[in-house]
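The values are calculated or read from the model by the stated rules, or taken from the named source; none is laboratory data. Here the structure is a predicted model, which is why all the values come from computation and not from measurement. Don't worry about glycine lacking a Cβ; one is built from the backbone with ideal geometry, like all the others, and counts go over all protein chains shown.
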Amino acid sequence: MVKGDITGTIVCRRQDAYGEIIVADDGNVRSLYFGEGMLQSSIRLDWPNMLFEEYSRAMMVALLFMNEPGSVLLVGLGGCSLVNFLLDAFPRCSLDIVEIRQEVIDLACRFFLLPRERRHMRIIHAPGQDFVCRRDGPGGYDLILVDAFDEGGPAAALLNKDFIAACRARLNANGIFAMNVWNRPSDNFSGLYASVQEVFEGHTLKLPLGEAYQNAIIFGLSDPRTNLARPEYRRVAERLQQAYGINFPRYLRYLYWQNRGEQ
């Protein structure tokens, strides 16, 4: 998710209370933008369940710790890259999708292959913090993915400690929390990571995606962190790579080096 020029041919423009939404095609790649070129996510029309963006592949590193989730909450719909992957990889999984913008939901159904109805899937039009934090909220999830952006960056209401704590409260035993954020000098990544560490009692991992990317993934684990150097994690990473075509061994190495001082 970076800000820049819109790539390809614009096929649809919409306006809602939050700003402009643009759908653009560049060959077989269809992308969703907010505002003046804020790329949200992309899919390949000829291979929609393939995770096209680097950040979305990195979020699936959560599968190293939970190979097959039975229930997933996704906060932030965007261009359906994560949804298409999850529906294909885990067809029996219960999937709740929460999106604040009805226009995004409508465009996802029209342009990004989101089914309006599917067994085991719910689409909820609501602010993510309202859905997660309400006292009569949903039951437990094995995996919570927070990928909610507006044209200014990560949704501010989802970066506070109360929301993160509410997410942890919604996790099942051994559940995993993964949040996609930015890691620029102005984003206070260290402060946000410290908040997640406090909520998860230090059972956290961080995965910045390098100098060429603004994105970083934060993981919160319900159980103590594991030793990423153990051989079984390499074996799991290799098996996941074969199953999903994502270079999990590379991400495992990134995780190890980014967190080696905290293991």
- How many residues of region 235-248 are assigned to a helix (DSSP H, G or I) and surrounded by fewer than 16 Cβ atoms within 10 Å (Cβ to Cβ)? The answer is 5
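Every residue, every condition in (1) surrounded by fewer than 21 Cβ atoms within 10 Å (Cβ to Cβ); (2) part of a loop (DSSP other than H, G, I, E, B); (3) touching a Pro at 6+ places or on another chain (Cβ under 7 Å), yes or no:
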| site | (1), (2), (3) |
| --- | --- |
| ASP5 | yes, yes, no |
| ASP25 | yes, no, no |
| GLN40 | no, no, no |
| TRP47 | yes, yes, no |
| PHE52 | yes, yes, no |
| ARG57 | no, no, no |
- Determine whether region 70-83 contains at least one residue that is buried (at least 17 other Cβ atoms within 10 Å of the Cβ), out of contact with any Asp or Glu (no Cβ under 9 Å at 6 or more places or on another chain) and under 21 Å from GLN129 (Cβ atoms). yes
- Before we move on, is PRO185 closer than 28 Å to ALA89 by Cα and surrounded by fewer than 18 Cβ atoms within 10 Å (Cβ to Cβ)? no
- Query: Do we find that VAL61 is part of a helix (DSSP H, G or I), at pLDDT 95 or above, β-branched (Val, Ile, Thr) and touching a strand residue (DSSP E or B) at 6+ places or on another chain (Cβ under 7 Å) in this structure?
  - Reply: yes
- Which condition does ASP88 not pass, out of (1) surrounded by fewer than 16 Cβ atoms within 10 Å (Cβ to Cβ); (2) modelled with pLDDT of 95 or more; (3) in a loop (DSSP other than H, G, I, E, B), if it passes all the others? (3)
- Message: So for region 149-167 (the condition being at pLDDT below 90 and among the acidic types (Asp, Glu)), does at least one residue qualify?
- Response: yes
- Taking only pairs six or more apart or across chains, which ones have beta-carbon atoms under 7 Å, a first residue in region 29-40 that is farther than 10 Å from GLY79 by Cα, and a second residue that is at pLDDT below 85 and outside any strand (DSSP E or B)? PHE34/GLU151; GLY35/GLU151; GLY37/GLY4; GLY37/ASP5; MET38/GLU151
- Message: Among the residues that make up region 58-72, is at least one of them touching a helix residue (DSSP H, G or I) at 6+ places or on another chain (Cβ under 6 Å), touching a residue at least 24 places away in the same chain (Cβ under 8 Å) and more than 30 Å from ALA229 (Cβ to Cβ)?
- Response: no
- Query: With GLY191, GLY202 as the choices, which residue is part of a helix (DSSP H, G or I), surrounded by fewer than 17 Cβ atoms within 10 Å (Cβ to Cβ) and either of a type in the set (Gly, Ala, Ser) or in contact with a strand residue (DSSP E or B) (Cβ under 8 Å, 6 or more places away or on another chain) (or both)?
  - Reply: GLY191
- Query: Just checking, how many residues over region 91-129 are outside any helix (DSSP H, G or I), of a type in the set (Asp, Glu) and closer than 16 Å to SER41 by Cβ?
  - Reply: 1
